[in-house]
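Participant: The structure that follows is given in the form of structure tokens.
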Amino acid sequence: MICVCIGRGRHKHTLAEHRYLAEQGVRLVELRVDYIRSQVNIKRLLADRPCPCIVTCRREQDGGQWTGTEQARQLVLRTAIVEGADYVDLEDDIAGSIPRFGKTKRIISYHNFRETPDDLEGIHRQMADYDPDIIKVATMAHRPSDNLRVLRLMRNAEIPTIGLCMGEVGTPTRILAGKFGAPFTYATFLHERQLAPGQLSFKQMREVFRYDSIRASTEVYGVVADPVTQNLNPVLLNAAFHHLKQNKVFVPFRVPPDELGSFMDSCSELGIKGLIVTVPHKEAIPRFLTQIDDAVRDVGTASTVVFERGGVVGYNTDYRAFLSCLDEVFPDVARERMMVGKTALVMGAGGLAKAIVYALKQREADVVITSRTHERAKELAEQLKARTAQWYERQKVETNLIVNATPIGMHPNVDESPYDPTILSRSTIVFDTVHNPEQTLLVKGARDVGCRVITGVDLFIRQAAQQCAHFTGQEPPLELMRTELKRAIGPAQA
Ligand SMILES: NC(=O)c1ccc[n+]([C@@H]2O[C@H](COP(=O)([O-])OP(=O)(O)OC[C@H]3O[C@@H](n4cnc5c(N)ncnc54)[C@H](OP(=O)(O)O)[C@@H]3O)[C@@H](O)[C@H]2O)c1
């Protein structure tokens with residue numbers, strides 16, 4: 001169950017949101033009465049309530065907005081109990097002085113905005129002394145192992161326990177709470193109105209992660225990145241899993257570079273079966289794999305990991321997705337021959353460029369690499385037997401295919417292009433890997449000239465589809481994933 005938090009300054013707005021959420025099928029809300037700017041009228045908030053609620057009144061030290069005296073705050077909580085609130089949230093240091101009364105259930109809560117302390121079990125044991133129906137532990141996560149400890153606490157607890165880690169690193173605990181035995185998780189009314197750091201909105205929880213379908217048996221997949229908030233893979237993969245009727249959830253894992261090893265160690269306990277690996281981990285991940293494909297060996301990076309039969313298998317789906325996009329352009333030519341005798345100009349010499357150059361060399365193309373930092377282009381060219389051109393001379397290279405593997409043209413710098421499209425010849429194929437927006441200046445200009453164009457959305461979808469196939473063993477729903485991606489990017493940017 002998802003409990004949606006309402007934190008509004010006026011009773012009128014609190015009541016309206018409560019009503020709206022109940023109409024949307026929400027079965028539990030948390031009324032954060034510390035947000036109410038006038039005298040709190042509990043009776044008014046609880047009368048004719050459209051669905052059950054928790055009454056919470058947080059002090060500043062626990063992340064709340066309460067500015068009155070502590071005595072007045074506790075009076076609000078006692079009144080909520082007397083008025084028959086379904087639940088009341090009592091912080092662990094005051095719970096002992098507020099006794100059980102009537103049918104109101106007691107949530108005993110602990111907050112720590114600095115860290116996830118070592119002795120979580122000890123804290124939990126003490127909280128159990130205050131006659132709880134539910135114990136809630138909310139701590140700040142700095143590393144993925146904090147999530148694991150909190151999830152473990154939930155799974156092993158005899159009293160129903162909700163363990164939540166705050167911050168972007170802690171988001172997985174909010175999504176996986178149900179899998180680890182929590183009676184419910186918390187979400188915000190709107191994404192922009194987080195009441196605790198790292199909280200997801202009710203809409204995200206319900207529509208993207210399908211929280212209410214997550215059970216103990218649900219398999220966990222995810223993307224490993226730092227940062228991870230803007231990553232669109234959860235939108236695509238969860239939609240695909242749902243379409244394919246898979247008991248799987250796809251979670252964003254923010255893993256700082258120096259925590260990758262400990263995160264990989266925790267995968268089995270978290271129930272993780274597969275991962276999408278992206279910046280900054282693609283080069284570091286191969287050392288944690290027990291089996292790799294040829295492309296991982298030759299390029300040195302992996303973008304997809306599957307845990308199977310006791311092993312950890314890595315694939316370079318960047319490379320395969322790129323080739324799959326090219327195959328679409330030359331449907332009538334034998335795949336192996338399609339770039340023979342043709343020149344490709346690759347702009348950029350980073351992680352993606354490396355996989356692209358490798359793919360083009362597999363197809364026997366003559367590859368010219370150009371990069372703002374020429375040294376990087378030279379290094380890559382030596383490694384993969386390609387040529388280089390100076391960045392300022394890139395537009396002089398005679399080429400059949402140009403590939404933008406730099407962020408130039410990406411939101412918000414949408415007025416920039418890595419190549420002047422007006423000098424393109426109609427026969428040149430243009431591949432812009434930027435996917436946000438899809439219609440970059442380069443893509444639009446190339447289309448105006450009449451060039452065949454492959455976009456970053458094509459690449460992103462192809463890659464996500466291949467990853468989905470690795471995770472499910474089924475044919476991925478390509479068109480559904482495309483629609484979801486375009487919707488997530490938004491019409492303004494697509
Ligand atoms: N559609 C997809 O599925 C997908 C997936 C991954 C990536 N991408 C796109 O590919 C781009 C590169 O990804 P990556 O992982 O390879 O990144 P990366 O490893 O950081 O490499 C970025 C490359 O772009 C160059 N560059 C950055 N800013 C530049 C600028 N303003 N002018 C000229 N060159 C610039 C860098 O040159 P320096 O060495 O001089 O910094 C480097 O060669 C991303 O930004 C994204 O747009 C698309």
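The values are calculated or read from the model by the stated rules, or taken from the named source; none is laboratory data. Here the structure is a predicted model, which is why all the values come from computation and not from measurement. We place every Cβ from the backbone using ideal geometry, glycine too, and count neighbours over all the protein chains shown.
Participant: Any chance segment 279-300 includes a residue that's more than 16 Å from the ligand (Cβ to nearest atom) and either under 20 Å from the mean Cα position of the chain (by Cα) or at positive phi (or both)?
Facilitator: Scanning segment 279-300, I find no residue that is more than 16 Å from the ligand (Cβ to nearest atom) and either under 20 Å from the mean Cα position of the chain (by Cα) or at positive phi (or both), so the answer is no.
Participant: Among the residues of segment 229-245 satisfying the criterion of being at pLDDT 95 or above, within 16 Å of residue 464 (Cα to Cα) and not aliphatic (A, V, I, L, M), which is surrounded by the fewest Cβ atoms within 10 Å (Cβ to Cβ)?
Facilitator: 243
Participant: Taking the condition under 21 Å from residue 464 (Cβ atoms), crowded, with 20+ Cβ neighbours inside 10 Å and assigned by TED's automatic domain parsing to the domain that holds residue 483, does residue 208 pass?
Facilitator: When the stated conditions are applied, residue 208 does not pass them.
Participant: Please pick out the residue among 8, 32 that is of a type in the set (Lys, Arg), touching a Ser or Thr at 6+ places or on another chain (Cβ under 9 Å), crowded, with 21+ Cβ neighbours inside 10 Å and closer than 30 Å to residue 169 by Cα.
Facilitator: Only one candidate qualifies: 32.
Participant: Within segment 345-379, can you find the residues that are assigned to a helix (DSSP H, G or I), near the ligand (Cβ under 7 Å from one of its atoms) and of a type in the set (A, V, I, L, M, F, W, C)?
Facilitator: 352, 353
Quick grid of which residues meet (1) in the same structural domain as residue 124 (by TED's automatic domain parsing); (2) over 20 Å from residue 7 (Cα atoms); (3) modelled with pLDDT of 95 or more:
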residue	(1), (2), (3)
144	yes, yes, no
156	yes, yes, yes
160	yes, yes, yes
181	yes, yes, yes
185	yes, no, yes
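Participant: From (1) outside the structural domain of residue 466 (by TED's automatic domain parsing); (2) surrounded by fewer than 20 Cβ atoms within 10 Å (Cβ to Cβ), pick out the condition that doesn't hold for residue 284.
Facilitator: (1)
Participant: Take the residues in segment 410-451 that are of a type in the set (Val, Ile, Thr) and surrounded by fewer than 19 Cβ atoms within 10 Å (Cβ to Cβ), then tell me which one is nearest to the ligand (Cβ to nearest atom).
Facilitator: In this case the residue turns out to be 414.
Participant: Could you tell me how many of the residues in segment 294-313 are assigned to a loop (DSSP other than H, G, I, E, B) and surrounded by 18 or more Cβ atoms within 10 Å (Cβ to Cβ)?
Facilitator: Residues meeting the conditions: 3.
Participant: Then there's this: Determine, yes or no, whether residue 255 is within 23 Å of residue 465 (Cα to Cα) and hydrophobic (A, V, I, L, M, F, W, C).
Facilitator: no
Participant: Checking residue 436 against (1) assigned by TED's automatic domain parsing to the domain that holds residue 359; (2) in contact with a Pro (Cβ under 6 Å, 6 or more places away or on another chain); (3) in contact (Cβ under 8 Å) with a residue 40 or more places away in the chain, which test does it fail?
Facilitator: (2)
Participant: If you go through segment 162-178, how many residues are charged (D, E, K, R) and at pLDDT below 95?
Facilitator: Result for segment 162-178: 1.
Participant: Still on this structure, I have one more. Would you point out the residue of segment 426-475, among those that are in contact with a Phe, Trp or Tyr (Cβ under 7 Å, 6 or more places away or on another chain) and not in a helix (DSSP H, G or I), that is modelled with the highest pLDDT?
Facilitator: 454
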